[in-house]
Structure formats: C-alpha cells, structure tokens
Amino acid sequence: MKQLVRKELIIARDAIVSLRFPSVSLADGGPAEVVQVRSWRASLFRRSVALALPFDSDSAERIRRGTKVQRLEALLIGPARLVVVGLGAVTLVGTWLDLSFSPLPFVFVFAALALQALAHHLNTRALPPQYPRERKDGSLLIREVPDHVAQEWTEVNPGVQIAPVS
C-alpha cells in the first residue's frame, strides 16, 4: 500500500477573501461538500476568520463538532484558565508575604494544568488535522493536506503556498 504524502498549505491573509478551491476534500482528495468554518485563532483578542472549505462527509462532521469545541474553548475553558492562574498568583504572593506554607497555590497550578490538558485533549480529538489555524501574521495554516490536493490549491490560488519542509 502506497503511503500518502501530506503537505501544509499557507493561505496569505489578503488571499482569504478571494479564495477559490477545487471540489476535492482537503482531508483525502475525494468528493467534497463545502463547510463553513471559523479558523482556530492565534489570539484571544482577535476575531477568527470565517471561510468555506471543502471536506469529505466524515471530516465535515468533525469540523462541525470542532466549531462547538472552539466556542467552548473561547467562552469557558480559556477564561477559566486565566481566572485560575490569577487566583494562583494571588495566593502564592499571599503565602510568600505571610511566610507560611499553604497548599492552595499548588491546587491552582494543578487546576490550570488540568484545564490546559482538557483543552489539548478536546482540540486533538475533536478537530481533524486539516482544521484551519490562524497564524500570528494573519495567514491560515492547513495541515496534512494530500500532496495532489495541495498542488491543485496552489494552481488555482496565487496567494496559497505549500509550507517548506523543515
């Protein structure tokens, strides 16, 4: 059995609005349906980009679940992590100022790590690898795209590049 070669696509920020795509799935190169998806954000303070991408039916269902995971991450898990880390810092400073021992800062550190592990687990289990991720420069990264599909994308869109292998 032949191993499928996978590439990473980088879509420039200004090319996102005029994006055209072949009618093949980003996941496996087969027949595709168009799914409206928001990119995974690089920042909590910037709004994610909405775009339509072609996916096979299984990946499309995972993408739909992924949008729910992203909403859960943005509205619940992310802010909870910030609150837990803030409370942990306050209790740690209080413990240092009192020159006493308290297990409370350790509880907050453990809680923050548990929230991070939960977010990571949800991201890796619910999202297909081809879920678009927004980079810090505003471009989008789509991972594990079959080689022939990546070539088609670069031919149709001049603002799309195949990431160099590092």
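Here, each number is a calculation from the coordinates, and none is a lab measurement. What you are looking at is a predicted structure, and each value in this text was computed from that prediction instead of being measured. We place every Cβ from the backbone using ideal geometry, glycine too, and count neighbours over all the protein chains shown.
Between the helical axis of 147-156 and the longest alpha-carbon principal axis of the chain there is an angle of about 70 degrees.
Restrict the search to the stretch 44-149; then list the trypsin sites (Lys or Arg not before Pro) that DSSP places in a loop and that have at most 11 other Cβ atoms within 10 Å of their Cβ.
Numbers: sites: 46, 47, 62, 64, 65, 68, 71, 81, 125, 133, 135, 136, 143; in loops: 46, 47, 135, 136.
Within the stretch 44-149, the qualifying trypsin sites (Lys or Arg not before Pro) (loop, at most 11 other Cβ atoms within 10 Å) are 46, 47, 136.
May I ask you to derive the relative contact order of the stretch 6-162, considering only C-alpha pairs under 8 Å and at least 6 residues apart, and to give it as an integer percent? Before the final figure, lay out the partial values.
Working: 240 pairs, mean separation 65.7, N = 157.
It comes to 42 percent, rounded to a whole number.
Treating r as the C-beta distance of residue 82 and residue 57 and R0 as 41 Å, the FRET efficiency rounds to 0.65. Residues whose amide H comes within less than 5 Å of that of residue 28, counting only those at least five positions distant or on another chain, are 56 (H built at 1.01 Å from N in the peptide plane).
Quick one, which of (i) 168; (ii) 149; (iii) 137 is the actual volume of the Cα convex hull per residue in Å³ calculated for this model? Structure-derived value, by its label: (ii).
Distance between the modelled labels on residue 65 and residue 18, one decimal in nanometres: 3.8 nm (7 Å Cα→Cβ projection). Counting only alpha carbon atoms, the long axis of helix 104-126 and the longest principal axis of the chain meet at about 10°.
Of all the options 128, 31, 103, the one that moves most in a Gaussian network model of the chain with Cα springs shorter than 10 angstrom is 103.
If you put +1 on each Lys and Arg Cβ and -1 on each Asp and Glu Cβ, how big is the dipole of the stretch 6-162 around its Cα centre, in Debye rounded to 20? Numbers along the way, then the final one.
Working: 19 positive and 15 negative charges, 92 e Å.
Dipole size: approximately 440 debye.
The string of couplings for the stretch 6-16 from the Karplus curve (6.51, -1.76, 1.60, θ = phi - 60°) is 10, 10, 10, 9, 10, 9, 4, 4, 6, 8, 5 Hz, one whole number per residue in order, with x for Gly and Pro. Near the amide H of residue 35, within less than 5 Å, lie the amide hydrogens of 53, 55, all on another chain or at least 5 residues away, with H placed in the peptide plane.
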